[in-house]
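The values are calculated or read from the model by the stated rules, or taken from the named source; none is laboratory data. Computed from a predicted model, the values in this text were never measured in an experiment. Virtual Cβ from ideal backbone geometry, glycine too; neighbours counted across all protein chains shown. Note: accessible area is taken over every heavy atom of the protein model, side chains too, but ligands, DNA and RNA are not part of it. Shrake-Rupley method; radii C 1.70, N 1.55, O 1.52, S 1.80 Å.
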Amino acid sequence: MLRLGVNIDHVATVRQARGIMIPDPVEAALLAENGGADGITVHLREDRRHIQQRDVERLRKTIKSKLNLEMAATDEMVRLAAQLRPDDACFVPERREELTTEGGLDVASQKHRLRAAVEALQSNGIKVNLFIDPDDEQIAASRDTGAHGVEIHTGRYANSSRTQAREADAVARAAALARSRGLEVHAGHGLNYDNVPAIASIPEIVELNIGHSIVARAIMIGMEQAVREMRAQLDRARAS
Ligand code: PXP
């Protein structure tokens, strides 16, 4: 079965907009599990713009499904991840000024450094996946690092319109190649309710990580009820 990892970063984005305690990403994670999530994914960014270290610590103690930590492969983050002990870690490139992760990791140009980071976490029982573009050279290099698997960046597919079939094909070819090299294959970024079927039907992919579209949908299906509850509070206050 295809696993669904739900990325809850943007629940924390809404919380950080106010600097208070709600909405709580841990509560959102438990609801995601009730809805059928096979795992919870968070990106602990260097600038801590959404998820905080404390969130990851609380998730580790609370959730029943798999915890997947997206992170830059820096010495500081590798040390921290070894303490936080997620089930999986996904190494992603990170630039402070980006809105979201913009491209895959260039594994080929930093194979030795990444091999050491992969080894440091895998020796602590944390499976490491590398977030890469659907590119043959990056797949070969990923295998050389000893990583458990790769997460194929679906952003180019998600952002394309006329060339979408070709981009889906590139993801499918990369998935087959990675699998044939012994890597577990995940995919994610920019997937939504409309564009996910083509990626979900690629047989070598065993896990998808999806965040923004699920959080956006949760707001829309929750809005009516949330307003109804506030309306009821106002009416009760006036009635008493
Ligand atoms: N996978 C990785 C490696 C990511 O960096 C992200 C974004 O944080 C996602 C999946 C989820 O992307 P989206 O929020 O667009 O669904």
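Assorted remarks:
- For region 78-99, residues that are within 15 Å of the ligand (Cβ to nearest atom) and without any contact (Cβ under 8 Å) to a residue 40 or more places away in the chain total 4.
Every residue, every condition in (1) within 25 Å of P86 (Cβ to Cβ); (2) out of contact with any helix residue (DSSP H, G or I) (no Cβ under 7 Å at 6 or more places or on another chain); (3) open to solvent by 50 Å² or more (accessible area, probe 1.4 Å); (4) within 12 Å of the ligand (Cβ to nearest atom), yes or no:
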site: A116; (1), (2), (3), (4): yes, yes, yes, no
site: A120; (1), (2), (3), (4): yes, no, no, no
site: N129; (1), (2), (3), (4): yes, yes, no, yes
site: A176; (1), (2), (3), (4): no, yes, no, no
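- Hey, L59 under 17 Å from L4 (Cβ atoms) and in a helix (DSSP H, G or I) or not: yes
- Taking the criterion of being buried (at least 23 other Cβ atoms within 10 Å of the Cβ) and either touching a helix residue (DSSP H, G or I) at 6+ places or on another chain (Cβ under 9 Å) or among the acidic types (D, E) (or both), the residues of region 68-103 that qualify are L69, E70, M71, A73, A81, P86, D88, A89, F91.
- Total residues in region 62-77, condition in a helix (DSSP H, G or I) and either within 16 Å of the ligand (Cβ to nearest atom) or modelled with pLDDT under 95 (or both): 1
- Test result for H153, open to solvent by 50 Å² or more (accessible area, probe 1.4 Å) and not aliphatic (A, V, I, L, M): no
- Positions within region 194-209 being within 11 Å of the ligand (Cβ to nearest atom) and either open to solvent by 20 Å² or more (accessible area, probe 1.4 Å) or more than 27 Å from P23 (Cβ to Cβ) (or both), in sequence order: V196
- Residues in region 32-56 that are away from the ligand (no atom under 16 Å from the Cβ) and exposed (fewer than 14 other Cβ atoms within 10 Å of the Cβ) were compared, and the one that is nearest to H186 (Cα to Cα) is G36.
- Filter pass, R143 being open to solvent by 80 Å² or more (accessible area, probe 1.4 Å), in a helix (DSSP H, G or I) and either touching a Lys or Arg at 6+ places or on another chain (Cβ under 8 Å) or in contact (Cβ under 8 Å) with a residue 60 or more places away in the chain (or both): yes
- Every pair of residues 6+ apart whose Cβ atoms lie under 7 Å, when the first sits in region 204-232 and is free of Cβ contacts under 8 Å to residues at least 24 places away in the same chain while the second is open to solvent by 50 Å² or more (accessible area, probe 1.4 Å): S213/N192; S213/Y193
- Test: D169 is part of a helix (DSSP H, G or I) and free of Cβ contacts under 8 Å to residues at least 24 places away in the same chain: yes
- Note on region 41-56: residues that are in a helix (DSSP H, G or I) and either of a type in the set (G, A, S) or touching a residue at least 12 places away in the same chain (Cβ under 8 Å) (or both) amount to 3.
- Beta carbons closer than 8 Å, at least 6 apart along the sequence or on distinct chains, pair a first residue in region 1-18 that is acidic (D, E) with a second that is part of a loop (DSSP other than H, G, I, E, B) for D9/H50; D9/I51; D9/G211.
- Total residues in region 178-193 satisfying the condition of being over 19 Å from G146 (Cα atoms) and either open to solvent by 30 Å² or more (accessible area, probe 1.4 Å) or assigned to a loop (DSSP other than H, G, I, E, B) (or both): the figure is 5.
- Test result for D135, within 16 Å of the ligand (Cβ to nearest atom), closer than 17 Å to V185 by Cα, over 18 Å from the mean Cα position of the chain (by Cα) and of a type in the set (D, E, K, R): yes
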